Amino acid sequence: MKKLMKKIMLSCDKATELIEKRIHFKLTFWEKIQLKLHLAFCKPCSHYEKQSYIIEESMSKIKPESVPPEDIKLLKEEIIKKLS
Amino acid sequence: MKKEDLIEWVNKYSGEMYSWALFKVSDSELAKDLVQDAFLAAAEKISSFKGDSSPKTWLFSILNYKIVDYYRAKLKMPFTTGSDSLSAFFDENGEWRPEKRPNAWHEDDKSLLDDENFILILKKCMDLLPDNWNSCVKLKYLLGKSGADICEQMNISKNNYWQIIHRAKLQLRQCIESKWKTD
């Protein structure tokens with residue numbers, strides 16, 4: 001029984017890898033079941049899963065910052081000089 | 001379209017383009033170079049610009065191309081996805097090392113998304129990632145494409161791609177957790 005469990009249960013490094021894989025690609029049927037089972041029993045990986053999605057979503061929210069007008073002015077002059 | 005138009009566009013758009021490039025590469029000198037390169041490329045191609053899209057869209061597409069090019073060149077360096085980077089997080093059985101085990105962040109994790117301080121920490125942590133991983137992560141948001149598309153564009157295997165993302169995420173998560181607590 002223990003041996004069988006070991007075969008079915010993912011390790012945490014594999015489980016977190018599947019969490020990332022799932023975001024970008026499809027999991028196989030077997031992978032889905034394994035991951036679901038692991039997450040049902042593993043608190044740290046459940047936290048990881050939640051946080052991974054938060055990081056994912058936050059990254060798409062990062063917006064460009066405003067830059068010093070002085071920098072832009074110099075840059076413009078330099079580009080115009082090169083163009084003419 | 002003529003050269004005079006281009007000068008006008010430099011005045012109109014280079015500020016925005018610079019801020020965009022800086023956001024994507026996190027290096028002001030490099031960002032300036034990329035904007036310059038984009039305008040030089042635009043000058044060469046200006047006769048072919050028929051105004052089907054707005055000048056701004058056209059210029060930004062050239063700039064984006066330059067940025068992707070920059071990352072693509074960087075990614076040519078060999079990938080380091082050795083097991084060593086994973087062993088910092090997991091023991092030989094693949095279980096979390098006790099000090100690296102993820103903790104709960106917040107009673108309501110969703111509200112972190114609206115927290116400016118959180119976004120700031122995330123940005124700091126992204127810049128601390130190793131070059132290759134950072135490139136991969138940033139490209140995903142620059143191209144805004146699916147994993148499969150990025151693999152094709154960057155010429156890396158799917159396996160390699162999500163392994164990089166996996167390691168990058170582990171490190172990002174850890175970095176955020178430690179800074180979130182100490183800041």
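The values are calculated or read from the model by the stated rules, or taken from the named source; none is laboratory data. Model, not experiment: these values are computed from the prediction. Here the Cβ is made from the backbone with ideal geometry for all residues, glycine too, and neighbour counts use every protein chain on show.
With a requirement of 2 or more residues that are touching a Leu at 6+ places or on another chain (Cβ under 8 Å) and closer than 25 Å to residue B:106 by Cβ, the helices (runs of 4 or more DSSP H) lying completely within segment A:1-47 that satisfy it span A:12-24, A:29-41.
The residues in segment B:19-53 that are over 21 Å from residue B:4 (Cβ atoms), surrounded by 16 or more Cβ atoms within 10 Å (Cβ to Cβ) and among the polar types (S, T, N, Q) can be counted, and the count is 1.
Mind listing just one residue for me: the one in segment B:3-18 that is facing another protein chain (nearest Cβ under 8 Å) and buried (at least 19 other Cβ atoms within 10 Å of the Cβ) and, of those, nearest to residue A:84 (Cα to Cα)? Only one residue tops the list, namely B:6.
Of all residues in segment A:1-14, those satisfying the criterion of being within 21 Å of residue B:91 (Cα to Cα) and of a type outside the set (D, E, K, R) are A:5, A:8, A:9, A:10, A:11, A:12. Just one of the listed residues (B:140, B:123) is among the charged types (D, E, K, R), modelled with pLDDT of 85 or more and farther than 28 Å from residue A:9 by Cα, and it is B:123.
Checking B:66, B:56 one by one, the residue that is exposed (fewer than 14 other Cβ atoms within 10 Å of the Cβ), in the same structural domain as residue B:10 (by TED's automatic domain parsing) and either farther than 21 Å from residue B:35 by Cα or modelled with pLDDT of 85 or more (or both) is B:56 and no other.
Of the residues in segment B:19-59, how many are within 12 Å of another protein chain (Cβ to nearest Cβ) and either assigned to a helix (DSSP H, G or I) or without any contact (Cβ under 8 Å) to a residue 12 or more places away in the chain (or both)?
25
Given the criterion within 30 Å of residue B:22 (Cβ to Cβ), surrounded by 17 or more Cβ atoms within 10 Å (Cβ to Cβ) and small (Gly, Ala, Ser), identify the matching residue among A:66, A:58, A:11, A:84. If you could, list the steps in order and put the result at the bottom.
On the way: A:66 fails: surrounded by 17 or more Cβ atoms within 10 Å (Cβ to Cβ); A:11 fails: within 30 Å of residue B:22 (Cβ to Cβ); A:84 fails: surrounded by 17 or more Cβ atoms within 10 Å (Cβ to Cβ).
Within the list A:66, A:58, A:11, A:84, the selection yields A:58.
The set of residues in segment A:51-64 that are facing another protein chain (nearest Cβ under 7 Å) and without any contact (Cβ under 8 Å) to a residue 12 or more places away in the chain comprises A:51, A:54, A:55, A:57, A:58, A:59, A:60, A:61, A:62, A:64.
Give me the pairs: first residue in segment A:21-33 and touching a residue at least 12 places away in the same chain (Cβ under 8 Å) and more than 15 Å from residue B:157 (Cα to Cα), second residue among the hydroxyl-bearing types (Ser, Thr, Tyr) and part of a helix (DSSP H, G or I), beta-carbon distance under 9 Å, and six or more apart or on different chains, which are they? Note: pairs meeting the criteria are A:23/A:52; A:23/A:53. Considering A:49, A:31, A:70, A:17, the condition of being of a type in the set (Asp, Glu) and over 19 Å from residue B:94 (Cβ atoms) is satisfied by A:70 alone.
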